[in-house]
Structures are given as structure tokens and as C-alpha cells.
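First the structure, in the form of C-alpha cells, and then the observations on it.
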Amino acid sequence: MKGNVLVIIVILTAVAVIAFNRLQAVMDRFAKSKGEILQSFYHDFSHIKLENIPWVSVLCGSCVLYICYYLYYKLFTPLDLVKDLSDVGYATNSGSEGRSKREVANHVRRLRKIGDIPPVYPNGWFALMEAHRLKKGEIEHVVALGENFAVFRDENGSAHAVDAYCSHMGANLAVGGRVIGDCIECPFHGWRFRGDDGKCTHIPYCEKVPDRAKVKSWPVLERSGHIFVWYHAEGVEPTWLPPEIDEVESGHWVYKGRNQYFVNTHIQDIPENGADQMHLAQVHGPCILSGVDLRYMYSKLWEFAKHNWQAEWQPLPEPNTHIACLELGHKLSILDRKLPGLEMRVNARQIGPGLVYLEFQAACFYGVYIQTLTPIEPLVQKLTHTLFASRWMPMPVASAFLLGEAYQVERDIMIWNNKKFENKPLLVKSRADERIARYRRWFSQFYSENSPRLSLHKEGLDW
Ligand code: FES
Ligand SMILES: [Fe+2]
């Protein structure tokens, strides 16, 4: 909610109160002609003095209006929780006094051991943005997967992603470019490139367009409220597609808000959470009311309330080997007694390296969190959760679902932002650790011979 709303409300209320006080006088003169009424208005307002304004009425009226606006905002507007990389998951302590959050984050990033990491950009579908944020004729510059994309929606409504840099002289198509029909026009000399195949269709000062005049066009898919791009280090065309969620595609479940984070870790660490059953009690067991900071969440105050989890994770067989399934059960217990009615069942599908559908049922509510994970830099991941649920789910309930999930994710982020990638984990003989090994074998299918590896000289680490 913007702060200037309050100022506008106070001004409007002051005008309304003054106008109301003058109303009686206006009514008395109602019999007179229109010109005289306008004159009397002008006379009344031009003679207002500050000491004559009924400030108590203005104050009370402003408060009432502001509360109404606030309630409307909370009750009917989807939650939009967006956090920067330095906002979450970094431990400020006595050594970090005087440093901004960003400086603390960069300090940790520079000092942290990175470990022997796998390639940084696996193959698969990755979300570039939410579909509803790109209207017809709009262009967005998106940096992800070591690439610069110009993402645009053509005049027919189809979304496209092309290489942002014009093949003529390198101007950024997304910075000042225009959408013309199904093409994007370069802001520098007006060359036009078709979204479907990247071919140049028009050069303003040359009749014959050479065949080699084109930009790279990326396979794009609009699904589950997002625009996805297919990334493959070997240039292989899509070998699978993210499945549709019938309730979302049919509009039965509607958009109910989102959260968005930037996480400083290798991409493989994040979906590993799904297979890592033993972290659930440790990281997600303490009551969410005890906070998201791992150092303080074992608070005595909230010890009486606990989250209890059961999880089963396994990859699917052919032809869906790119999918792994997680069944998750959650119960809240107070003084070791499980509370009936507060159970939650989640059926999650990890679809490739960058997408998870978490369909849930809790009490009488059904819906799905769509989790997208996109590498913005080699070791910075954009992590989003978008909630789709029945249109009858009240917005405060939807916001509570999103916030509850966000608090749990913020605890994970504190682990991820500070950990080293362990390429050879010390796994012990147990079902839980066997599953970690199994997850890593499953995830390795998304790397190929030319998958890019981290080059610190090139990338640097500051955010
Ligand atoms: S740089 Fe794009 S048209 Fe010249
Ligand atoms: Fe977790």
C-alpha cells in the first residue's frame, strides 16, 4: 500500500468536510440562479481560513476512510510478497554492525566456500515471468540462465522470447524496442525480427533482407500462469512439456497472490529439499510463530506448538523420468496432541529442474502452489510461489496460506544462503540418506556435456 494514499485521503476528507459545512448555505440559496450558486461556492471557498477548518472532523473522517481502504486492500487484493536477496537468510551479528543488509549479503557471498559444484544451468523449462504481467505489445528485458532475453507479447497475444541483442549492431531490443504485429522492432535502426523464428522481416533502408539477418528465438510456453523458456545446452528441442493443471487452465482455480525470493545457492540445492525428509522436523518443526531466523526459532515460548511432517519422495518411471513425486502430510500439534481439522495434504510434482506443482488440500480448501526456480546468475536463483485456488477462497485465507508457506521457505533460505555445495555428501546407512543419493542421480539427467560451469573470473559475486 502506498504511503501517499494517506495524504490523498486527508486532502479529500478536508475538502469533503468543508464542502459539507457549506452545504447548508448552498441549499439556502438553491432558489437562486446557477450563476449565483457558483459565485457563492467561489465566495465560500475563497474565504476559508485555516482556523475555520474543523480539523477534528477532518481527522476522524480520514481515519475512517483509511481503515476502509486498508480493509479493502487486505480483504480483496492478492498478496504480493517480493523480497530482495539481502532481505532474507543472512545472519547479522556483532561483526556486521554498521553494514547495510546488502553489504552483509555481499560479504557472506565473497567469503563463503563454494565447493565443487555441478554445472550451473541445467536443461529444462524455466519461468521467465508471470504471464499476466506481459500485456499485448509489451516487452520485458529478462536476464536468466546466462542469457539476456527480450520477452514480448505480439499483437495477436502470443508470447515470444528472443535474444535481447540485435544482430545488426547490438542494441538491446527490450530497451526502447516496439512490438509491430508479430515482430519486435529494434530501437536503433528499426530492423524488425519475427518472434516465432527470430528472422529479420524488415530493414527500413534495404529492400532485400539477407537470410543471415536474424536473432536467436527461444522455445516458449505459456502455462499455469507463467511464461516458460526451454533451455538446453546442446540446442536440443523440447523433449517434454510441463503438464497442464486442469483447474488452472479452465479458470476454476484463480490467481490468489504470490511470493518471490532470490536465493544465493546452487540450483540443485533447492529441489533437493523435496527428497530430504530429515530436514523437515529440524528446520520446519518449530512453530512458525517462533520466526524464520534459525538461531532463535527454538524459542521456549513456542515450544508447546509443533509442525509434524511425513514425506515420501520418488521419481516416476518412463516416459516421465523428468518428474519426481512427493507426498507430504502436515499436522499441527499443541502439547503433543495433534489438532484435528488443521491437517494438510500436499501432492507435489517436481517437473524438471525449475518447476514444482504443489497441490494441497487443507480443511475445505483446495489449491495449488506453483513453484518456479530460475537461475538469474550462476549461484543466484529466483524462487517464486504463485497460489491458484477456488475463487471462493477468501483473500485473507489465501494470504495466510501464502504467508505460512513463505515463513517455512525463509528458514530454508537461511540454510541455502550460507551453505557450501557438498558434492560428496557424507551419507549414512539410512532410508533418508539413500533418498538424497537417489535425488542426485535423478537430477543429474538435467546436465549434458556442454552445460555451463561457473567461471568466477567472469561472474564476480556482488549482488
Ligand atoms: S542495432 Fe538494431 S537495427 Fe541497428
Ligand atoms: Fe525445507
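Do we find a residue being in contact with a Gly (Cβ under 7 Å, 6 or more places away or on another chain), on the phi > 0 side of the Ramachandran plot and away from ligand 2 (no atom under 16 Å from the Cβ) anywhere in segment 162-179? Lay out the reasoning, then the answer.
At the first step, the residues of segment 162-179 found to be in contact with a Gly (Cβ under 7 Å, 6 or more places away or on another chain) are 162, 179.
After this cut, where a residue has to be on the phi > 0 side of the Ramachandran plot as well, the list is none.
Scanning segment 162-179 turns up no residue that is in contact with a Gly (Cβ under 7 Å, 6 or more places away or on another chain), on the phi > 0 side of the Ramachandran plot and away from ligand 2 (no atom under 16 Å from the Cβ).
I'm checking my understanding of the structure. Among residues of segment 189-242 that are on the phi > 0 side of the Ramachandran plot and free of Cβ contacts under 8 Å to residues at least 24 places away in the same chain, which one is surrounded by the most Cβ atoms within 10 Å (Cβ to Cβ)? Break it down stepwise before answering.
The first filter runs over segment 189-242 and keeps only residues on the phi > 0 side of the Ramachandran plot, leaving 190, 198, 224-225, 235.
From the residues that got through so far, the ones that are free of Cβ contacts under 8 Å to residues at least 24 places away in the same chain too are 190, 235.
Numbers: G190: 15, G235: 7.
Per the criteria, the residue is G190.
Which condition from (1) crowded, with 17+ Cβ neighbours inside 10 Å; (2) touching a strand residue (DSSP E or B) at 6+ places or on another chain (Cβ under 7 Å) is the one that N148 breaks?
Unmet condition: (1).
Given W240, W302, W218, W313, which one is closer than 24 Å to F365 by Cα and aromatic (F, W, Y)? Steps first, please.
On the way: W240 fails: closer than 24 Å to F365 by Cα; W302 fails: closer than 24 Å to F365 by Cα; W218 fails: closer than 24 Å to F365 by Cα.
From the options W240, W302, W218, W313, the qualifying one is W313.
How about segment 265-304: which of its residues are out of contact with any helix residue (DSSP H, G or I) (no Cβ under 8 Å at 6 or more places or on another chain), open to solvent by less than 10 Å² (accessible area, probe 1.4 Å) and under 20 Å from L383 (Cβ atoms)?
H266, I267
Just the residues that are among the charged types (D, E, K, R) and within 23 Å of the chain's Cα centre (by Cα), please, taken from segment 101-124. Quick ask: steps written out before the conclusion?
Narrowing segment 101-124 to residues among the charged types (D, E, K, R): 101-103, 109-110, 112-113, 116.
Matches in segment 101-124: K101, R102, R109.
Of the residues Q371, Q314, which is surrounded by 16 or more Cβ atoms within 10 Å (Cβ to Cβ), polar (S, T, N, Q), in the same structural domain as L403 (by TED's automatic domain parsing) and at pLDDT 95 or above? Even if it seems obvious, please write down each step before you answer.
Values: Q314 fails: surrounded by 16 or more Cβ atoms within 10 Å (Cβ to Cβ).
Among Q371, Q314, only Q371 is surrounded by 16 or more Cβ atoms within 10 Å (Cβ to Cβ), polar (S, T, N, Q), in the same structural domain as L403 (by TED's automatic domain parsing) and at pLDDT 95 or above.
Only one of L402, L454, L383 is more than 16 Å from ligand 1 (Cβ to nearest atom), more than 18 Å from the chain's Cα centre (by Cα) and surrounded by 15 or more Cβ atoms within 10 Å (Cβ to Cβ); which? Spell out the reasoning first.
On the way: L402 fails: more than 18 Å from the chain's Cα centre (by Cα); L383 fails: more than 18 Å from the chain's Cα centre (by Cα).
Exactly one residue qualifies, and that residue is L454.
Give me the residue from segment 88-100 that is surrounded by 15 or more Cβ atoms within 10 Å (Cβ to Cβ) and touching a residue at least 40 places away in the same chain (Cβ under 8 Å) and, out of that set, nearest to E272 (Cα to Cα). Show your work before the answer.
First, the residues of segment 88-100 that are surrounded by 15 or more Cβ atoms within 10 Å (Cβ to Cβ): 88-90, 96.
This time we only want the ones that are touching a residue at least 40 places away in the same chain (Cβ under 8 Å), so: 88-90.
Working: V88: 20, G89: 18, Y90: 21 Å.
For segment 88-100, the residue satisfying everything is G89.
Any chance you could count how many residues in segment 136-148 are more than 16 Å from ligand 1 (Cβ to nearest atom) and either on the phi < 0 side of the Ramachandran plot or in contact with a Ser or Thr (Cβ under 9 Å, 6 or more places away or on another chain) (or both)?
Pass one, segment 136-148, residues more than 16 Å from ligand 1 (Cβ to nearest atom): 136-138, 140, 142-147.
Filter once more, keeping what is either on the phi < 0 side of the Ramachandran plot or in contact with a Ser or Thr (Cβ under 9 Å, 6 or more places away or on another chain) (or both): 136, 138, 140, 142-145, 147.
Number of matching residues: 8.
I need every pair where a residue in segment 411-422 that is assigned by TED's automatic domain parsing to the domain that holds I267 has its Cβ under 8 Å from the Cβ of a residue that is surrounded by fewer than 17 Cβ atoms within 10 Å (Cβ to Cβ) and of a type in the set (V, I, T), sequence separation at least 6 or different chains.
K420/I114; F421/I114
Can you list the helices (runs of 4 or more DSSP H) lying wholly within segment 196-295 that have 2 or more residues being among the aliphatic types (A, V, I, L, M) and within 16 Å of ligand 2 (Cβ to nearest atom)?
Details: elements: 246-249, 269-275, 279-284.
Answer list for segment 196-295: 269-275, 279-284.
Could you list, in sequence order, all residues of segment 82-100 that are of a type in the set (S, T, Y) and at pLDDT 85 or above? If you could, list the steps in order and put the result at the bottom.
At the first step, the residues of segment 82-100 found to be of a type in the set (S, T, Y) are 86, 90, 92, 94, 96, 100.
Matches in segment 82-100: S86, Y90.
For segment 140-193, enumerate the residues that are in a strand (DSSP E or B) and aliphatic (A, V, I, L, M). Talk me through it step by step, then tell me what you get.
Quick first cut of segment 140-193, residues in a strand (DSSP E or B) only: 140-144, 147-153, 159-163, 165, 172, 178-180, 183-185, 192-193.
Result: V142, V143, A144, A150, V151, A159, A161, V162, V179, I180, I184.
Take segment 372-394 and flag every residue that is touching a Ser or Thr at 6+ places or on another chain (Cβ under 7 Å) and part of a strand (DSSP E or B).
First, the residues of segment 372-394 that are touching a Ser or Thr at 6+ places or on another chain (Cβ under 7 Å): 372, 379, 381-382, 384.
Passing the criteria: T372, Q381, K382, T384.
Take segment 413-437 and flag every residue that is within 24 Å of K101 (Cα to Cα), within 16 Å of ligand 2 (Cβ to nearest atom) and open to solvent by 10 Å² or more (accessible area, probe 1.4 Å). Talk me through it step by step, then tell me what you get.
Keep residues of segment 413-437 that are within 24 Å of K101 (Cα to Cα), which gives 413-421.
Those still in the list that are within 16 Å of ligand 2 (Cβ to nearest atom) too: 413-419.
Within segment 413-437, M414, I415, W416, N418, K419 qualify.
Looking at segment 101-139, which of its residues are over 18 Å from G195 (Cα atoms), part of a loop (DSSP other than H, G, I, E, B) and open to solvent by less than 60 Å² (accessible area, probe 1.4 Å)?
If the condition is that a residue be over 18 Å from G195 (Cα atoms), part of a loop (DSSP other than H, G, I, E, B) and open to solvent by less than 60 Å² (accessible area, probe 1.4 Å), then R112, I114, G115, I117, P118, P119, V120, Y121, P122, N123 are the ones that fit.
The values are calculated or read from the model by the stated rules, or taken from the named source; none is laboratory data. Since the structure is predicted, the reported quantities are computational estimates derived from the model, not experimental observations. Here Cβ is always computed from backbone atoms with ideal geometry, including for glycine, and neighbour counts include all displayed protein chains. Quick note on the areas: whole protein, heavy atoms, side chains included, nothing else; ligands and nucleic acids left out. Shrake-Rupley method; radii C 1.70, N 1.55, O 1.52, S 1.80 Å.
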